[in-house]
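Let me begin by presenting the structure, written as structure tokens, before commenting on it.
The values are calculated or read from the model by the stated rules, or taken from the named source; none is laboratory data. Predicted, not measured: the structure shown is a model, and the values here were computed from it. Note that each Cβ is placed from the backbone with ideal geometry, even for glycine, and that neighbours are counted across all protein chains shown.
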Amino acid sequence: MPLRLPQVASTNFLKAGLIALFLVGLGLRLWGLGRFNTLAFDETYYVRFAVDYLQQRPFFDAHPPLGKYLIALGIALVNPLAGYLDLTGNTLTGVWLSPWSYRWMTALAGACLPPLAAALAYLLASGYPQRHRLIFGALAGGLMLMEGLSLVESRFGLINLFWVGLGLGGQVCLLAAGSMNRPGYAYTAAGVAFGGAIAVKWNGAGFLLGLYLLWGLGRWWASRFEKFSGQNPVPLALRRLRLSQLLVYCCGVPLFTYGLIWLPHLHLTGTSLIEIHRLLWQAHQSMGDAVHPYCSAWYTWPLLLRPVAYFYRTVPLGSAEPAVYSVQGLGNPVLWWLSTAAMVALAGQVFSQGRRGLRPGMGPDPIAVFLLVNYGANWLPWAMVQRCTFLYHYLGSLVFSGVAIAYLLAGWLTHPRPDFRRLAWGLLLLIGAAFIFWLPVYLGLPLSPEALRWRWWLRLWI
């Protein structure tokens with residue numbers, strides 16, 4: 001007989017689960033955070049820019065400033081304590097810095113992703129029994145814990161996890177507003193989060209674009225089909241938004257937040273908001289001919305064909321084989337490919353439902369529609385970008401494909417047929433085994449050359 005939890009116990013269980021996901025994620029990111037006492041990959045740029053802010057030196061970067069503000073804040077809070085904590089450091093930026101000081105804020109942002117994914121799943125499944133919602137949320141958060149690319153990104157002083165976390169947090173706030181009597185505060189928090197995401201990188205606009213598309217879909221569906229089918233494939237929180245509220249909370253508040261975040265940078269450089277955006281646009285246009293050994297086209301990202309190498313060092317061990325320290329933004333291959341397959345399956349499901357036609361009480365699966373629209377909004381615009389792009393640009397879409405496989409697995413784990421439950425547990429074991437197998441190249445643990453070669457399954461992974 002299915003376990004039925006009282007409402008209070010269920011709420012406490014949810015809170016405890018979210019805290020546990022955060023703490024485990026934080027532990028994975030903080031353990032050995034200062035192992036590589038250097039500037040790895042794009043830390044060369046972002047950490048130097050953060051130091052420029054702290055020393056009030058004007059500079060130009062091709063991205064908005066919030067990510068560098070956060071790294072600078074991390075340096076200001078932790079670097080003065082480095083001596084007391086006996087932390088190592090370097091002077092690669094011209095000043096002495098501990099790697100902990102310029103990496104811990106990113107680690108904190110990365111640790112927020114698993115509970116945010118769990119909260120998103122839980123809120124999306126509002127029409128399901130509580131047990132199913134908890135399983136769906138636990139799977140979404142647990143799978144995000146075992147996602148390799150976001151783990152790698154969150155262990156260096158980089159900025160991608162800031163826009164992903166803020167964009168996802170904005171969507172969670174907006175969905176939570178659907179069950180509130182006075183949702184204005186939640187809508188405002190969502191708008192601030194979306195503005196912050198775009199103020200890290202313009203990529204963050206994908207989370208907001210997904211909501212615009214869903215809001216438009218909900219209005220169109222209500223005018224054409226809702227009276228007949230009795231259903232609407234868009235979450236209640238978005239359906240409750242009037243046009244005036246959409247303009248305020250999902251346009252006005254993000255734009256105001258975005259502009260406000262620019263003020264310290266504009267004061268430092270003496271430029272105007274219009275002028276800095278003209279320079280940003282020119283900078284991005286000039287990147288069109290740039291090449292990089294780890295460039296990858298947008299259509300290859302769902303297949304995980306070309307990851308990014310963040311760090312590589314060989315340490316001689318006398319007559320024995322050398323130890324290799326390699327950090328690869330590879331992702332968890334089993335989870336990645338299953339997530340892509342889940343998106344294809346959900347797309348096929350929605351298409352099949354459309355072909356069968358509408359019936360009273362039936363319509364497209366709202367969770368599938370939400371995930372597909374947001375996945376596409378974060379991925380498909382990259383088809384129009386001509387410059388060199390990288391696998392980490394797929395992080396926004398990866399969040400939704402990870403929730404998609406969690407959605408399918410939750411359905412199988414609660415299915416009455418034992419074959420479905422066994423399949424779900426088998427896939428979860430494969431994902432967990434893959435995470436452990438590739439963990440050394442996420443954390444930069446020493447491997448022999450032979451052990452490292454075992455982990456390069458595709459030629460382009462090297």
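Where in region 81-183 are there helices (runs of 4 or more DSSP H), lying wholly inside it, with at least 3 residues that are within 17 Å of the chain's Cα centre (by Cα)?
On the way: elements: 82-85, 99-124, 130-145, 148-153, 160-176.
Because the criterion is at least 3 residues that are within 17 Å of the chain's Cα centre (by Cα), the helices (runs of 4 or more DSSP H) in region 81-183 that meet it are 99-124, 130-145, 148-153, 160-176.
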Inset, instruction - Please find, among Leu439, Leu460, Leu452, Leu430, the residue that is part of a helix (DSSP H, G or I) and farther than 21 Å from Val308 by Cβ. - result: Leu430
Inset, instruction - Among what's in region 382-438 and is over 25 Å from Phe41 (Cβ atoms) and β-branched (Val, Ile, Thr), pick the residue that is modelled with the lowest pLDDT. - result: Thr414
Legend entry - Members of region 195-212 that are buried (at least 21 other Cβ atoms within 10 Å of the Cβ) and either in contact with a strand residue (DSSP E or B) (Cβ under 8 Å, 6 or more places away or on another chain) or assigned to a helix (DSSP H, G or I) (or both): Gly195, Gly196, Ala197, Ile198, Asn203, Gly204, Ala205, Gly206, Phe207, Leu208, Gly210, Leu211
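Okay, residues lined up against (1) more than 24 Å from the chain's Cα centre (by Cα); (2) in contact (Cβ under 8 Å) with a residue 12 or more places away in the chain:
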{"position": "Ala237", "(1), (2)": "no, yes"}
{"position": "Leu241", "(1), (2)": "yes, yes"}
{"position": "Cys250", "(1), (2)": "no, yes"}
{"position": "Gly259", "(1), (2)": "no, yes"}
{"position": "Trp262", "(1), (2)": "no, yes"}
{"position": "Leu268", "(1), (2)": "yes, yes"}
{"position": "Trp281", "(1), (2)": "yes, no"}
Legend entry - Boolean, Leu73 is hydrophobic (A, V, I, L, M, F, W, C), part of a helix (DSSP H, G or I), in contact with a Leu (Cβ under 7 Å, 6 or more places away or on another chain) and under 28 Å from Cys173 (Cα atoms): no
Legend entry - Residue count, region 222-277 (criterion: more than 19 Å from Val373 (Cα to Cα) and among the aliphatic types (A, V, I, L, M)): 13
Inset, instruction - Scan region 317-330 and report the pairs whose first residue is more than 17 Å from Arg35 (Cβ to Cβ) and modelled with pLDDT of 90 or more and whose second residue is buried (at least 22 other Cβ atoms within 10 Å of the Cβ) and among the small types (Gly, Ala, Ser), with Cβ atoms within less than 7 Å and a gap of 6+ or a chain change. - result: Leu330/Gly148
Inset, instruction - Output the qualifying pairs, or none if there are none: Cβ atoms under 8 angstrom, residues six or more apart or on different chains, first residue in region 170-187 and within 17 Å of Phe400 (Cβ to Cβ), second residue in a loop (DSSP other than H, G, I, E, B). - result: Leu175/Pro235
Inset, instruction - Could you figure out which of (1) crowded, with 16+ Cβ neighbours inside 10 Å; (2) assigned to a helix (DSSP H, G or I) isn't true of Thr389? - result: (2)
Legend entry - Single residue of Gly167, Gly142 found to be more than 22 Å from Gly204 (Cβ to Cβ) and either out of contact with any Asp or Glu (no Cβ under 7 Å at 6 or more places or on another chain) or surrounded by fewer than 22 Cβ atoms within 10 Å (Cβ to Cβ) (or both): Gly142
Legend entry - Some residue of region 275-296 being farther than 30 Å from Ser397 by Cα, modelled with pLDDT of 90 or more and exposed (fewer than 13 other Cβ atoms within 10 Å of the Cβ): yes
Inset, instruction - Count, please, the residues in region 180-194 that happen to be modelled with pLDDT under 95 and surrounded by 19 or more Cβ atoms within 10 Å (Cβ to Cβ). - result: 3
Inset, instruction - Give the number of residues within region 432-462 that are among the polar types (S, T, N, Q) and within 24 Å of the chain's Cα centre (by Cα). - result: 0
Inset, instruction - Looking only at region 14-34, decide whether some residue is of a type in the set (Val, Ile, Thr), surrounded by fewer than 20 Cβ atoms within 10 Å (Cβ to Cβ), touching a residue at least 12 places away in the same chain (Cβ under 8 Å) and more than 30 Å from Arg133 (Cα to Cα). - result: no
Inset, instruction - Could you grab the pairs with beta carbons closer than 7 Å, sequence gap of 6+ or different chains, first residue in region 413-437 and farther than 18 Å from Ala341 by Cβ, second one of a type in the set (A, V, I, L, M, F, W, C)? - result: Thr414/Ile135; Arg421/Trp412; Arg421/Leu413
Legend entry - Test: Trp301 is under 27 Å from Ala197 (Cβ atoms), at pLDDT 95 or above and not aliphatic (A, V, I, L, M): yes
